[in-house]
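Each reported figure results from applying straightforward, stated rules to the coordinates on display, with no laboratory input. The shown structure was predicted, so the numbers you read here are calculated from the model rather than taken from an experiment. With ideal geometry, Cβ positions are generated from the backbone for all residues, glycine too; neighbour counts draw on all protein chains shown.
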Amino acid sequence: MRCTSQIEDSVRRLGYQRIAGADEAGRGCLFGPVFAAAVILDPARPVRGLADSKTLAPQRRRELALAIRERAVAWAVASASVEEIDRINIREAARLAMRRAVEALRPPCDYLLVDALEVDWPVPQQALIRGDARVACIAAASILAKTERDALMEELDARFPGYGIARHKGYGTAEHCEALRRLGPTPLHRRSFSPVAEAMQGVL
């Protein structure tokens with residue numbers, strides 16, 4: 001399923017010029033920060049083939065991420081740390097990461113389209129269910145957030161060997177959960193998530 005710019009176009013007809021899409025990546029992971037991105041696409045320089053990042057092959061995501069960075073009016077990527085996730089919960093941490101990404105846009109947005117959540121930012125906005133599969137600028141944000149997070153997971157795999165992080169990117173796969181039981185959590189595991197908390201009990 002490919003995304004369209006229909007919703008952006010309808011908002012643009014209301015007089016808004018810099019319409020940003022925002023999305024997060026890594027919300028369901030057991031390990032590492034949650035990432036978010038915000039993107040203002042340029043209608044004069046469209047990026048073809050935008051889709052929900054989860055449906056794209058890694059190489060295609062990287063190609064699209066490069067095109068987004070080259071053609072967008074503005075883009076930004078931000079994150080919220082494991083400590084923040086454990087302190088304020090993953091939903092609020094995802095919102096925090098998205099707010100940080102939106103705040104970093106230059107030029108700033110004047111309207112915001114968000115995948116499912118609302119962001120604490122003082123512009124008109126819409127929270128759209130499955131926005132990353134429907135709306136071009138949200139799909140672009142999902143692609144940037146996921147490619148940045150995946151790159152970090154591949155770096156951290158060398159720092160924390162034995163967990164398979166480069167393969168599962170921190171998600172709770174059978175391989176990851178078995179490694180958690182065997183090795184215990186690292187400092188970058190989310191202790192507020194039940195599989196990690198259970199693994200901590202096992203090493204006490």
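Per-structure values
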{"item": "Net charge of Cβ neighbours under 12 Å - reference Y16; Lys, Arg +1; Asp, Glu -1", "result": "0"}
{"item": "Coil-residue trypsin sites (Lys or Arg not before Pro) of region 121-204, DSSP, other Cβ within 10 Å capped at 13", "result": "R130"}
{"item": "Given charges at beta-carbon only (K, R positive; D, E negative), |dipole| of region 67-123 in Debye", "result": "200"}
{"item": "Total formal charge among the other residues, if their Cβ is under 15 angstrom from that of G32, Lys/Arg +1 and Asp/Glu -1", "result": "-1"}
{"item": "Sorted by Cβ density within 10 Å, fewest first, the residues M200, M153, M98", "result": "M200, M153, M98"}
{"item": "Descending Cα extents along the principal axes, region 123-204, whole Å", "result": "49, 24, 23"}
{"item": "Neighbourhood charge, 12 Å Cβ-Cβ cut-off, centred on I165 and excluding it, Lys, Arg +1 and Asp, Glu -1", "result": "-1"}
{"item": "Dipole axis of the chain (+1 Lys, Arg; -1 Asp, Glu on Cβ), positive-most option in A44, A166, L113", "result": "A44"}
{"item": "Scattering profile of region 1-67 at q = 0.20, 0.23, 0.29 Å⁻¹ [log10 I(q)/I(0), Debye over alpha-carbon scatterers]", "result": "-0.97, -1.17, -1.42"}
{"item": "Antiparallel bridges, percent of DSSP beta bridges restricted to the chain (to nearest 5)", "result": "60"}
{"item": "Among P33, Y16, L152 - extreme Cα towards positive end, dipole of region 6-157, charges at beta-carbon", "result": "Y16"}
{"item": "Spatial extent of the chain: Rg and Dmax, with the Cα atoms as the point set, Å", "result": "17.4, 60"}
{"item": "Distance between region 32-93 and region 164-193 - C-alpha centres, whole angstrom", "result": "23"}
{"item": "Charge dipole magnitude, Cβ of K and R +1, D and E -1 - region 6-157, Cα centre, debye nearest 20", "result": "520"}
{"item": "Nitroxide proxy distance, nm - points 7 Å out along Cα→Cβ at E92 and D42", "result": "4.0"}
